[in-house]
Amino acid sequence: PHYAGVLSERVVTVATLLADAGYHTYLSGKWHLGHGPGELPVDRGFERSVTMADTGADNWEQKPYLPIYEQANWFEDGERLTLPEDFYSSTYLVDRMIEFIDAGLDDGRPFFAYLPFQAVHIPVQAPRAWTERYLGTYDDGWDVLRAERLARAIARGIVPADTALRRMETTDAWASRSAEERRLLAKRMAVYAGMVSAMDTEIGRLVAFLEARGVADDTVFVVTSDNGPEAAGGDARGGLLGGLGLRLQGYRTDYETLGERGSFNLIGDDWASAAASPLAFYKMRTGEGGLRVPLVIAGVDAPVGPPRTNAFAWVTDLAPTVLELTGVAPPGPRYGGRPVEPLVGRSLLPLLRGEAERVHPPDEPIGHELAGNAALFLGDHKLLRVVEAPGDGAWHLYDIVRDPGETRDLRELEPERFEHMLALYAAYEAEHGVLPMPANYSQLRQAWLGGLRDRFREPLLWILLWILYLVPFAVWWRVRERAVRA
C-alpha cells in the first residue's frame with residue numbers, strides 16, 4: 001500500500017482540514033500526486049488550483065520534458081488546461097496565485113496558499129537576462145565552488161568551524177574537461193543561478209502584493225525545498241543516447257541559447273555535489289546533501305524568537321505547525337466518515353517562539369527509505385545507507401551536528417549505538433512495509449522502463465523503442481571492431 005505512487009485516500013490533507021475550518025485554499029504549481037479520478041487538488045481540499053501533475057515539465061511551453069509523457073498534464077480546478085503563449089513557469093504560477101488570493105480577500109476569510117514552483121527541477125531554464133547576470137561566476141569549476149560555500153556556511157554559523165568536506169567519487173577534475181566543455185558546463189550553473197533568482201524575484205512580487213493589500217503582517221510564510229540538487233546529466237551534452245532522447249523531444253543543448261525556449265539544461269552530478277556543499281551526496285541519495293534543505297518561517301508572533309536554529313526538523317512537522325498556528329485540530333482516527341492515517345510530526349512553534357531547543361526528543365527514531373537508500377535519525381546521530389553510486393551499499397554512522405559533511409564514520413568507534421540504530425531501522429522497515437530491493441536494482445532505470453511501458457503499450461512501439469536503444473551500441477561496436485582490426 002505504500003508503493004502506490006499517488007496520494008492515499010486514507011490521508012487527510014492540510015488543505016482539507018483548513019477548508020473545513022473556513023479557509024480559502026489555493027494551489028498554484030507542481031502536484032505529482034496523481035491525476036486520475038479523485039486524485040487532483042480539487043479532490044483533496046483545494047478550492048482553486050492550477051497544477052502540473054507530472055514529475056516535471058518544460059518551463060517555457062506546454063511540453064513534456066521526458067519521452068515517458070505524451071503531453072504535459074496541466075489542470076485548472078480539475079479540468080485540463082492550455083497554457084498561454086507567453087508562459088514562463090515561475091512568473092505564471094505567481095500570477096495565478098495572486099489572482100486566486102485577490103479574488104477572495106474582500107470576504108474576510110483567511111487563506112492557505114500552496115505555491116510549489118517548478119524551479120529548479122529539470123529542465124533548468126531561465127530568461128536570458130537572468131542567466132547573463134551569472135556568466136563567469138562559475139568559470140573556476142565545482143571544487144572552487146564547494147570550498148567557497150563551505151567557507152560561507154562556517155562564517156555564518158550554519159555549520160561548525162571544523163566541518164570537513166567529502167568529495168564525491170562521481171566528481172571529475174575540472175581541469176580534465178576541455179575548454180569548450182568547461183565553457184558550457186559553467187553556463188549550465190549560470191542558468192541554474194538565473195532560475196533561482198527569477199523564482200526569488202517572483203516570491204518577492206507575491207509578498208509585495210500581500211503588502212499592498214494590507215495582509216502581509218497577518219500572513220505566515222514558509223519557504224523550503226523538497227530535496228537536494230539533481231545529479232542527472234554528468235557530461236557536457238548528455239551523451240549519445242541522452243542526446244538522441246533530447247532530439248526526439250525537440251530539445252537542443254547549444255551554448256548560445258542554453259536555458260531558453262527549446263533548450264534542455266541540467267547541472268549534472270559534479271555541480272550537484274558543489275551545490276549541496278558542505279553536505280555529501282545529492283537528490284535520490286540519503287546523505288545530508290540529498291535530504292537536508294533550508295526551512296525559512298517568517299511572520300510567527302514571537303516576542304524573542306531565535307533568528308536561526310539547527311534543531312532537527314522533518315517534513316512531517318510542517319502540517320502540525322500550520323494546524324497549531326491556525327487553531328485547527330488534527331484529524332482523529334476517522335474523518336469525513338472514513339478511517340484515516342494518523343497525523344505524524346511535531347509542531348515547530350516551540351522552536352520558533354524560543355520556548356524549546358528541540359521538538360524531537362533524542363530518543364525518538366525517524367526513518368526514511370527510497371529505492372534502498374535509507375537513513376535513520378536519532379538525536380544528533382544518523383544511520384546511513386546509499387546503495388547506488390557514489391554510495392557503497394554499507395551502513396554508516398555519523399554525528400550530523402558536529403559532522404554535517406558526513407566524513408567521520410562512527411560505526412567502529414560506537415558499536416553499541418550502531419547496533420541499536422540498526423535495530424530501530426529494522427523496526428521502521430517492518431512498521432512501514434518497506435520491501436527488500438531486487439538485486440542490481442536501479443531506480444533511474446526502473447523509472448524510465450515503467451514510464452515508457454505506460455506510454456508505449458503496443459508491441460510494435462516496444463520493438464521500435466528497443467531498436468532505437470540498441471542501434472547506437474551496434475554502431476559503436478562496429479566502429480570498435482574496425483579500429484581493432486586496423
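Side notes on the structure shown:
- Scanning segment 284-313 for residues that are in contact (Cβ under 8 Å) with a residue 60 or more places away in the chain and among the hydrophobic types (A, V, I, L, M, F, W, C) turns up M284, L291, V293, L295, V296, I297, A298, V300, F312.
- Yes/no for S28 being in contact with a helix residue (DSSP H, G or I) (Cβ under 6 Å, 6 or more places away or on another chain), of a type in the set (S, T, N, Q) and open to solvent by less than 10 Å² (accessible area, probe 1.4 Å): yes
Listed here are the residues, each with its yes/no results for (1) in contact with a Cys (Cβ under 6 Å, 6 or more places away or on another chain); (2) open to solvent by less than 40 Å² (accessible area, probe 1.4 Å); (3) more than 30 Å from V220 (Cα to Cα).
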site	(1), (2), (3)
Y138	no, yes, yes
I158	no, no, no
T170	no, yes, yes
A173	no, no, yes
E202	no, yes, no
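- Test: residue in segment 120-127 that is among the polar types (S, T, N, Q), part of a loop (DSSP other than H, G, I, E, B) and open to solvent by 30 Å² or more (accessible area, probe 1.4 Å): no
- For segment 32-90, the candidate set comprises residues that are among the aromatic types (F, W, Y) and modelled with pLDDT under 95; within that set, the residue that is farthest from V12 (Cα to Cα) is Y65.
- Residue among D86, D77, D102 that is over 30 Å from T326 (Cα atoms), open to solvent by 40 Å² or more (accessible area, probe 1.4 Å), touching a helix residue (DSSP H, G or I) at 6+ places or on another chain (Cβ under 9 Å) and not small (G, A, S): D86
- Residues in segment 123-182 that are of a type in the set (D, E) and within 24 Å of R292 (Cβ to Cβ): D143, E148, D162, E169.
- Every residue from segment 361-396 that is open to solvent by less than 50 Å² (accessible area, probe 1.4 Å), at pLDDT below 95 and over 21 Å from the mean Cα position of the chain (by Cα): G393
- Checklist (1) under 24 Å from G451 (Cβ atoms); (2) of a type outside the set (K, R); (3) open to solvent by less than 20 Å² (accessible area, probe 1.4 Å) applied to P37, failing item: (3)
- In the set (1) surrounded by fewer than 17 Cβ atoms within 10 Å (Cβ to Cβ); (2) over 21 Å from the mean Cα position of the chain (by Cα); (3) assigned to a loop (DSSP other than H, G, I, E, B), the condition left unmet by N310 is number (2).
- Some residue of segment 52-69 being without any contact (Cβ under 8 Å) to a residue 12 or more places away in the chain, on the phi < 0 side of the Ramachandran plot and open to solvent by 30 Å² or more (accessible area, probe 1.4 Å): no
- Qualifying residue in segment 411-420 (condition: loosely packed, with under 14 Cβ neighbours inside 10 Å and of a type in the set (K, R)): no
- Assessment of segment 397-407 against the conditions (hydrophobic (A, V, I, L, M, F, W, C), buried (at least 17 other Cβ atoms within 10 Å of the Cβ) and within 25 Å of P278 (Cβ to Cβ)) yields at least one matching residue.
- Qualifying residue in segment 88-97 (condition: in contact (Cβ under 8 Å) with a residue 24 or more places away in the chain, in a loop (DSSP other than H, G, I, E, B) and not aliphatic (A, V, I, L, M)): yes
- Annotation: V328 fulfils all but one of (1) loosely packed, with under 12 Cβ neighbours inside 10 Å; (2) touching a residue at least 40 places away in the same chain (Cβ under 8 Å); (3) within 17 Å of R44 (Cβ to Cβ); the unmet one is (1).
- Of residues in segment 140-156 being assigned to a loop (DSSP other than H, G, I, E, B) and open to solvent by 30 Å² or more (accessible area, probe 1.4 Å), the one farthest from P404 (Cα to Cα): D140
- Tabulated pairs, segment 1-17, first of a type in the set (D, E, K, R), second surrounded by 14 or more Cβ atoms within 10 Å (Cβ to Cβ) and modelled with pLDDT under 85, C-beta under 7 angstrom, 6+ apart or interchain: none
The values are calculated or read from the model by the stated rules, or taken from the named source; none is laboratory data. Only a predicted model underlies this, so the values are computations on that prediction, with no experimental measurement involved. Neighbour counts are summed over all protein chains in view; Cβ atoms, including those assigned to glycine, are modelled from backbone coordinates with ideal geometry. The area values use the complete protein model at the heavy-atom level, side chains included, leaving out ligands, DNA and RNA. Shrake-Rupley method; radii C 1.70, N 1.55, O 1.52, S 1.80 Å.
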